[in-house]
Structures are given as structure tokens and as C-alpha cells.
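Student: After the C-alpha cells below, expect a handful of questions from me.
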Amino acid sequence: MNNPVSDVDVLVVGAGVVGSAIACRLSEFDAKVAVIDRRHDIADETSKSNSGITASGWTLPAGSLEAQLVCASSPRWEDVCRRLGVPFRRCGTVAIARTQEDAERIPELVRNAEANGVKARALSAEDVVAAAPHANPDSAGGVEVPVEGVIDSIRLTIGYGELAATNGVRFHFSAPLLDAIASGDEVVEVRTPGAVLRPRFVVNAAGLGADTVSRSLGCEDFEIIARRGEWLLLDREFGRRVPRILTMMPTERTHGIMVIPTAHGTCLLGPTAEDLDNKHDRSTSADVLAGVLRECRTLMPGIDERYVIKSFSGLRPHSERTYRIERSAVMRNVIQVAGIRSTGVSGSLGIADYVLGLLQEAGFDRPPKASFTASLDAPLPFSDTLDCELAAASPLGRTVVCACEKVTAADIHRALSSPLPARSIAGIAKRTHATWGRCQGSACLSGVSFIASLYLGGEAWELPFGEPGSTLGVGRARHV
Ligand SMILES: Cc1cc2nc3c(=O)[nH]c(=O)nc-3n(C[C@H](O)[C@H](O)[C@H](O)COP(=O)(O)OP(=O)(O)OC[C@H]3O[C@@H](n4cnc5c(N)ncnc54)[C@H](O)[C@@H]3O)c2cc1C
């Protein structure tokens with residue numbers, strides 16, 4: 001059977017935070033926009049496992065494109081998170097000098113922050129304790145950056161996608177880019193297993209896959225490698241003791257290990273930074289995580305590992321050139337958005353504006369939409385408001401399904417019926433955090449699967465856990 005053919009103004013490859021932010025920005029225009037992704041759901045690669053910091057740009061090379069786009073995004077989080085229903089807190093960062101040598105770098109780091117227009121304050125050892133009472137009192141000083149914050153980066157990505165979908169953008173999941181056809185120096189056709197798209201412009205925002213996608217489009221040859229970061233997640237009980245982000249003195253290569261309060265009140269320790277040959281290796285190792293714990297205790301003594309509920313890892317799309325955001329020199333209707341390694345969440349708003357500018361320079365000339373919806377009807381989940389009166393107003397709101405993360409049946413209903421609904425247990429977890437709490441789903445998985453089966457059809461144990469085909473792995477023991 002022939003696949004359906006669609007003409008589109010812009011085809012975005014990749015539904016991570018970067019591709020989704022771009023699609024969301026483009027949805028403000030009277031244009032046909034489509035997004036394809038190889039995964040079954042939005043935010044299913046790097047954008048689902050990161051530290052969730054909205055960086056201010058204080059450590060980035062002054063004047064670099066990355067610094068410009070991160071700094072342009074930084075003041076906008078309150079507005080965007082309100083419109084998209086995304087948990088966010090501007091908690092501030094305190095970088096700690098652990099040695100005299102670290103302390104000597106404080107003035108240079110403060111100057112760099114100022115050059116990027118970010119307010120940063122040099123701290124003495126006493127100031128560190130006042131600015132961050134949970135920090136190690138035996139420091140050699142530090143730097144305070146009050147504007148940094150923490151965000152639910154998965155919810156942000158989904159929010160961008162939902163707003164884009166609400167405004168008419170078409171998302172195709174389980175749709176890897178297979179190949180493309182060019183005419184002269186333009187890509188004219190892109191194929192996925194289920195569709196043929198004829199785009200005027202293509203945006204390559206494929207994260208770890210951006211090098212392969214670039215080659216498939218007949219564009220530049222560059223390499224993306226996976227830089228793995230491993231973390232430990234500690235529960236809310238511990239998270240309450242972590243009001244601000246604590247970090248080591250950043251280096252050119254990495255921010256180093258951090259103690260990070262999450263937007264949901266838990267706490268992350270990490271991440272590490274290790275270059276891999278394998279772009280799919282999301283394993284963790286006990287030795288590495290023991291090292292993370294050791295390093296974090298130099299920032300915050302007394303971290304008790306009994307609060308650890310989970311370890312996990314994420315893969316940064318590292319490339320020799322970071323923030324390769326430009327019109328392809330080979331295929332003139334392709335915009336490359338590759339190598340967004342460490343600040344894709346923080347820079348997403350600025351990146352989307354910048355890509356729109358590149359598209360307009362390349363000839364994208366669609367007018368703004370007459371009727372653009374600027375906000376989602378997406379209340380914060382119950383766990384973020386703990387507004388019992390509001391929750392109790394509906395029968396689903398009165399039913400707590402996941403006790404650890406305080407997820408109600410109303411939250412799960414929303415996850416399964418939103419403009420880009422969850423289609424798997426992992427999809428529900430990403431949208432609500434159900435099964436991600438201290439019990440890691442032992443208590444709530446059956447309830448979550450049962451509700452999901454009412455929306456998705458089939459038996460609860462046959463539902464996909466993540467990608468289609470990965471079921472919960474249980475079935476009928478005996479037919480009665
Ligand atoms: C350890 C770690 C910590 C981090 N901490 C932070 C932080 O605190 N703050 C911050 O701002 N950033 C942080 N980042 C970086 C941030 O997560 C990334 O910059 C961002 O997620 C990149 O988004 P993306 O959309 O480019 O990539 P992705 O989220 O990976 O999206 C790319 C999408 O392209 C799809 N794709 C790939 N190939 C194809 C293909 N052939 N066809 C169709 N689709 C395809 C993929 O399925 C994927 O969904 C961190 C990253 C890691 C790993």
C-alpha cells in the first residue's frame with residue numbers, strides 16, 4: 001500500500017525539547033508544520049533525562065551563540081511555565097570553591113557571568129553558609145547565581161508539543177526518517193515507514209541522531225557522540241533539605257557534580273560526564289555512583305544514601321561543535337540544529353526564535369495565524385499544588401493512585417486525553433510521575449495500568465510499557 005503524501009511548509013525532525021520548542025514557535029504562523037520522531041512518544045531521548053536546570057548562561061563562553069540563546073531564554077520561564085502548566089522554581093545556584101585553587105577562579109567566573117549579562121556574586125566562606133545553609137561550611141568561598149532555576153523538562157517538552165498540536169502542528173511518532181530525495185540543492189521529499197512528506201523546509205533537531213539525519217538529507221558530515229551522565233535520585237524527604245542548587249566550580253568541559261533540588265521537590269546527585277562509543281548505552285555503574293555520592297558529600301556533608309530511590313543516566317548529544325544552528329551549506333532548505341549538548345532545555349526558547357529567523361532568511365514567509373492559542377488548559381498536577389479543595393471538587397481528583405508521588409486519577413486522565421496523549425505506562429509516568437516515587441511502582445503500577453487500559457483498550461498487562469511491543473511482561477497464569 002502506498003503511504004500518504006503530505007505537502008508541508010516545515011518538517012521538524014525530532015520531538016525532543018529543541019524540536020518541540022521550534023514546532024511550538026512555528027505554530028504561531030499560518031503554516032503547515034509536521035514533526036517526525038523515531039520514538040513512540042514525545043520527549044523520549046535526551047530531553048527525558050537531564051538535570052532540569054534552567055541555566056542562566058553564567059559559565060558559558062561570553063558572547064557565544066549558546067550563551068546568547070540561553071541568556072535570551074532565562075528571563076522568560078515564569079511566563080512560559082504559567083502558560084504551559086510546567087513546574088518551575090527559580091531557586092538559585094551556589095558554586096562552591098572546595099580548594100584555594102578553586103577560590104582563585106572566583107573573580108574570573110564572576111566577570112564571565114557579567115559579560116553574559118548574568119548577575120553573580122562572589123562569596124566568602126561565611127557568605128556560602130548564609131546563601132546556602134545546607135552547603136559544606138568548610139569551603140574556600142563560592143559564587144551565587146540567584147536567577148538559575150529548576151524545571152520539569154519533560155513536562156516542558158510535552159507542553160511545547162501540546163501547544164504546537166493545539167495550534168495545528170501534526171506529530172508523527174514511531175516515524176524514523178528513512179531517506180530523503182533532493183532536487184538540486186533542496187530536499188524535496190522525506191520518507192518515514194508510514195508517510196511521505198514533501199517539505200519546503202526541513203529542521204534537523206534529531207539530538208543524538210542529528211549526524212545520521214544530516215547524512216540522510218544529503219547535508220554536512222559531522223559526528224555526534226553520546227556523553228553519558230549518571231545520577232542518583234533522592235526522595236522528597238531529603239529534597240526538603242535542599243533549597244538551592246549546589247555545584248562545584250565549573251570547568252570548560254563540564255559543570256561538574258551537583259546537588260540539585262528538582263522542580264517536584266526530590267533531589268538529584270550528579271551528573272557525571274563520560275564519552276561513549278555506543279549511543280544507546282544508558283546503563284549505570286555502582287562504582288561511578290559511589291563516586292557521585294562521595295563528591296556530593298564534599299558539597300553537602302551528611303547526604304544519607306538511605307534516601308536514594310533510583311539511579312539512572314542520560315546521554316548528551318556531544319559534537320566537536322556545540323550549538324551547530326545554521327542553514328545547511330549543502331541543502332539550502334535545511335536548518336541544522338545539532339550538538340545541543342548541555343543546555344538544550346535552558347536555551348530552547350532562544351533556539352526556537354533563532355531558528356525562526358534562519359527560516360525567514362531562507363524564505364519562510366507565512367503570516368502570523370489569525371487565531372493562535374497561547375496557553376494550554378493544563379493545571380499543575382496535584383503533587384505540585386497539593387490543593388486538596390480543588391482536587392476534591394472532582395471524583396477523579398479525590399482518587400490518589402500513586403501515593404508516593406501523590407498522583408490522582410485526574411492527573412492520569414489528563415495524561416491519557418491531552419493533545420499529545422500518553423500511549424504507554426512510561427508515557428503516563430513521564431507526564432505524571434506515577435510509578436517514579438519511592439516504591440518505584442510496586443504499589444501503583446496495577447492501578448495505573450488498569451486506568452490506562454480503559455483509555456487504550458486491551459488487557460492491563462498487554463499495554464506497552466514504553467516502545468510498542470515492550471509489555472509489562474506479565475500475563476494470565478491460568479485461564480479460569
Ligand atoms: C546528563 C545530562 C544533564 C543535562 N542537564 C541539563 C540541564 O540541567 N539543563 C539543560 O538545559 N540541559 C541539560 N542537558 C541537556 C539537554 O537535556 C539537551 O540539550 C536536550 O535535551 C537536547 O534536546 P534535543 O531535542 O536536541 O534532543 P532529544 O531530546 O534527544 O530529541 C531528539 C529527538 O530526535 C529523534 N530522532 C533521532 N533520530 C531520528 C530519526 N532518524 N528520525 C526521527 N527522529 C529522530 C529522537 O527520537 C529524539 O526524540 C543535560 C543532558 C544530560 C544527558
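Student: Within segment 332-366, how many residues turn out to be in contact with a Phe, Trp or Tyr (Cβ under 7 Å, 6 or more places away or on another chain) and in a loop (DSSP other than H, G, I, E, B)?
Tutor: Result for segment 332-366: 6.
Student: Considering only segment 38-93, how many residues are part of a loop (DSSP other than H, G, I, E, B) and of a type in the set (Asp, Glu)?
Tutor: Counting residues in segment 38-93 that are part of a loop (DSSP other than H, G, I, E, B) and of a type in the set (Asp, Glu) gives 3.
Student: How many of the residues in segment 276-327 are more than 15 Å from the ligand (Cβ to nearest atom) and among the hydroxyl-bearing types (Ser, Thr, Tyr)?
Tutor: The qualifying residues number 2.
Student: All but one of (1) touching a residue at least 60 places away in the same chain (Cβ under 8 Å); (2) outside the structural domain of Ala206 (by TED's automatic domain parsing) hold for Glu108; which doesn't?
Tutor: Condition not satisfied by Glu108: (1).
Student: Also, I was wondering about something else. Look through Ser449, Ser453, Ser442, Ser375 and report the one residue that is surrounded by fewer than 19 Cβ atoms within 10 Å (Cβ to Cβ) and part of a helix (DSSP H, G or I).
Tutor: Ser453
Student: Leu390: over 18 Å from the mean Cα position of the chain (by Cα), touching a residue at least 24 places away in the same chain (Cβ under 8 Å) and either farther than 25 Å from Leu456 by Cβ or more than 16 Å from the ligand (Cβ to nearest atom) (or both), yes or no?
Tutor: no
Student: Which one of these does Arg38 not meet: (1) in contact with a Pro (Cβ under 6 Å, 6 or more places away or on another chain); (2) away from the ligand (no atom under 14 Å from the Cβ)?
Tutor: Failing condition for Arg38: (2).
This table checks each residue for (1) of a type outside the set (A, V, I, L, M, F, W, C); (2) within 20 Å of Ala165 (Cα to Cα); (3) more than 15 Å from the chain's Cα centre (by Cα); (4) within 9 Å of the ligand (Cβ to nearest atom).
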site	(1), (2), (3), (4)
Val12	no, yes, yes, no
Ala34	no, yes, yes, no
Thr46	yes, no, no, yes
Ser49	yes, no, no, yes
Ile53	no, no, no, yes
Trp58	no, no, yes, no
Ala62	no, no, yes, no
Leu65	no, no, yes, no
Arg76	yes, no, yes, no
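Student: Residue check, Val288 against (1) in contact (Cβ under 8 Å) with a residue 40 or more places away in the chain; (2) out of contact with any helix residue (DSSP H, G or I) (no Cβ under 9 Å at 6 or more places or on another chain); (3) surrounded by fewer than 15 Cβ atoms within 10 Å (Cβ to Cβ), all met but one. Which one?
Tutor: (3)
The rows are residues; the columns are (1) over 18 Å from Glu45 (Cβ atoms); (2) part of a loop (DSSP other than H, G, I, E, B).
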{"position": "Leu268", "(1), (2)": "yes, no"}
{"position": "Thr272", "(1), (2)": "yes, yes"}
{"position": "Asn278", "(1), (2)": "no, yes"}
{"position": "Arg282", "(1), (2)": "no, yes"}
{"position": "His318", "(1), (2)": "no, no"}
{"position": "Ala329", "(1), (2)": "yes, yes"}
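Student: What number of residues within segment 292-319 are surrounded by fewer than 15 Cβ atoms within 10 Å (Cβ to Cβ) and among the small types (Gly, Ala, Ser)?
Tutor: The number of residues fulfilling the criteria is 1.
Student: Consider Thr212 carefully, then state whether it is farther than 30 Å from Glu148 by Cα and of a type in the set (S, T, N, Q).
Tutor: Yes; evaluated as a whole, the condition is true for this residue.
Student: Being in the same structural domain as Met248 (by TED's automatic domain parsing), surrounded by fewer than 21 Cβ atoms within 10 Å (Cβ to Cβ) and without any contact (Cβ under 8 Å) to a residue 24 or more places away in the chain is the requirement here; does Glu78 meet it?
Tutor: no
The values are calculated or read from the model by the stated rules, or taken from the named source; none is laboratory data. In this text the structure is predicted, and so the values were computed from the model without any measurement. A quick note on method: Cβ atoms are made from the backbone with ideal geometry, for glycine too, and the neighbour counts reach across all protein chains shown.
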